[in-house]
Each structure stands twice: as C-alpha cells, then as structure tokens.
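One structure is given here, and the rest of the page talks about it.
The values are calculated or read from the model by the stated rules, or taken from the named source; none is laboratory data. Remember, predicted model here, so these are calculated numbers, not experimental data. Every residue, glycine as well, gets a Cβ built from its backbone with ideal geometry; the counts of neighbours run over all protein chains shown.
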Amino acid sequence: MNSINSFILSIYQVALIVRDSLEYTLKNHKAQAKVYIERKRALAVLLQDKSPLMTFIANNGEKSEKFKENLFSFRNYVFGEEDSIVKIVGEEVVTDKAQHLQIYESTVGIYQTLMDVINGYLKYAREQNAFEQPMADLLAADEFMFRVTSHLVLVDEIFERFGEFNKVMRENKGQPGPLTNFVVEDMKKINGLIHFEKVHNHVKDYRYNAAVDKALILIELMEGKRQLEPGKTFPETYQETRAAFAGLIGEVEASWRTQFQKVMDDAVEWSKTQAKKGENLA
C-alpha cells in the first residue's frame, strides 16, 4: 500500500456502499438493519469535507457539481431520515418497491462515475510507479460482482413491469392508456440501464457476457422483435436468464471477498508503518 492507493481505497469504499445498496432491491431477500446502519455511518465519514472523494470533487469544480448533487441525493433517499426510500422496520430493512427504479438509476450511474474516477487514479499510480496489482484485481472483482448483481435486479424488475403491462392491457381490452404508457416508460429506462452497462462493461467472463446476451434477447421478446425459442415459454426464458446471473453470484462474491481482504490487510500494515514513522518524527 502507498499514499496513492490509500487515496484510491477511500474512494472505492464509497463505490462499495453504492454497489451494496442494490441489496435493498433484491427479490426475496432480507437485509439486516445492523449492516444498513454501519453503511450509513461509513458513508457519512467518507463524504466528509477533505476526504479523498470530496477533495477530488472540490479540485474539479463545476465539472463535478452534478455528480456531487446526484451522490448526495442518493445518500438522502437510501440512507436519509424522513424521506428515505429505504427504512428500518424492526430488525429488517424495508424498501419502497415503487421506488426501486430510482435506486437503479442512481446506483448504476454513480457507481460508473466512481469507477471512472478510480481508474483515472489507477492510471496515475502506474505513471508514478506506485501501481499495485492487488488493488487492480480488487477493482476487477468488484466490477464483476456489481455487473452480475445489477443485471439480476434489472432483469427481475423489467419482467415484473412487463407483467404489469400485460395485466393492464387485458383489463383495458387491448387498448393502451395512461397507466400502460407509464409502465412502458419505466421499462424503457430499465432497458437503457442494461444497455448502458453493456457499453461500459470490462468483464470478459464468457458466462457473464452470455447472460447479458440472454437479457437482451428477453427484452427483444418483450418488444416483439423476435420469436420465442421453439418449445419454450416466455416465463421459462425469463427464469433461464435470471438463473444465468444468479448462478454466478456466489462465485463472484467469494472472489471479491478474497481480493478485498488482501487489500485491506495491506492497508492496515501500511497504516501501522505510517504511524510508526510519525512517532519517530515526534
């Protein structure tokens, strides 16, 4: 660990909290209130004035204002108080399901911006002969986990919205109306997020990319741009797509944890070394 990578690690920890906020939209999942509170406290510290991320934002002036606004809006409605979309009820974390799309939109955008910033500093570390492979490996593992998790929740969400669309169309005897238009607009946004991630993706794993292809086929089926595979129903195609992402989560999380522990161990040792240097100068 060195000063540049320590700076990167602090910004990365913000990206980590943003990534993990997707947990609050996972289907059939109970998030723990204790962990939610820990993330909330950590984010408050990481966004203090003169922290690495806030230093970067301050140094980039007007160019970073919109990002700063989006970041603090995210904090307010995921980890805020009265107006938060995510709330603690007893020992569990409860999310306003109607607001899931807002979480997806901000999480995907903010995570990507943070990773772009981090990769810029990683490039700088290379130029300064301060590059450390464990940090690069951690970032790669983290992106893999984020891409898999975000696609899983987005596929679940668009399938559910498609079901809502068909239900309303049946009720309206096949005629579109304000409610169907509203659902279609939400589906377009989810479709846009899936395509946005495909454009910015650096994960080369063939299983993940095959799963993304399945997701794009699923969307084309919804749009009426292709026929179902012979012998398969639409729900079966959705379940196969979902399983392609869900089946990777355990593996990618384990890989991420291994890399994360390596970097954190390095950070602890580096902090101890820096503290001793400070004592020697005193």
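Summary of computed values
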read-out	value
Residue selected from region 170-222 under the condition within 29 Å of L114 (Cα to Cα) and either of a type in the set (S, T, Y) or not assigned by TED's automatic domain parsing to the domain that holds F245 (or both), by the criterion nearest to the chain's Cα centre (by Cα)	Y208
Of all residues making up region 5-36, the number that are charged (D, E, K, R), touching a helix residue (DSSP H, G or I) at 6+ places or on another chain (Cβ under 6 Å) and surrounded by fewer than 20 Cβ atoms within 10 Å (Cβ to Cβ)	1
Selection within region 82-100 - out of contact with any strand residue (DSSP E or B) (no Cβ under 7 Å at 6 or more places or on another chain) and either assigned by TED's automatic domain parsing to the domain that holds V155 or surrounded by 20 or more Cβ atoms within 10 Å (Cβ to Cβ) (or both)	H100
Selection within region 226-282 - loosely packed, with under 14 Cβ neighbours inside 10 Å, modelled with pLDDT of 95 or more, within 30 Å of A15 (Cα to Cα) and hydroxyl-bearing (S, T, Y)	T258
Residue list for region 86-108, filter: closer than 24 Å to F196 by Cα and without any contact (Cβ under 8 Å) to a residue 40 or more places away in the chain	K97, A98, Q99, Q102, S106
Candidates E197, E157, E164 - the one that is without any contact (Cβ under 8 Å) to a residue 40 or more places away in the chain and of a type in the set (D, E, K, R)	E164
Residue among N60, N70, N76, N2 that alone is more than 18 Å from the chain's Cα centre (by Cα), surrounded by fewer than 18 Cβ atoms within 10 Å (Cβ to Cβ), among the polar types (S, T, N, Q) and closer than 25 Å to E197 by Cβ	N60
Residue in region 147-168 that is surrounded by fewer than 16 Cβ atoms within 10 Å (Cβ to Cβ), under 19 Å from the mean Cα position of the chain (by Cα) and modelled with pLDDT of 95 or more present	no
Check on E23, under 20 Å from A141 (Cα atoms) and not assigned by TED's automatic domain parsing to the domain that holds A246	yes
Condition broken by Y121, with the remaining ones in (1) surrounded by 16 or more Cβ atoms within 10 Å (Cβ to Cβ); (2) without any contact (Cβ under 8 Å) to a residue 60 or more places away in the chain; (3) in contact with a Phe, Trp or Tyr (Cβ under 9 Å, 6 or more places away or on another chain) satisfied	(2)
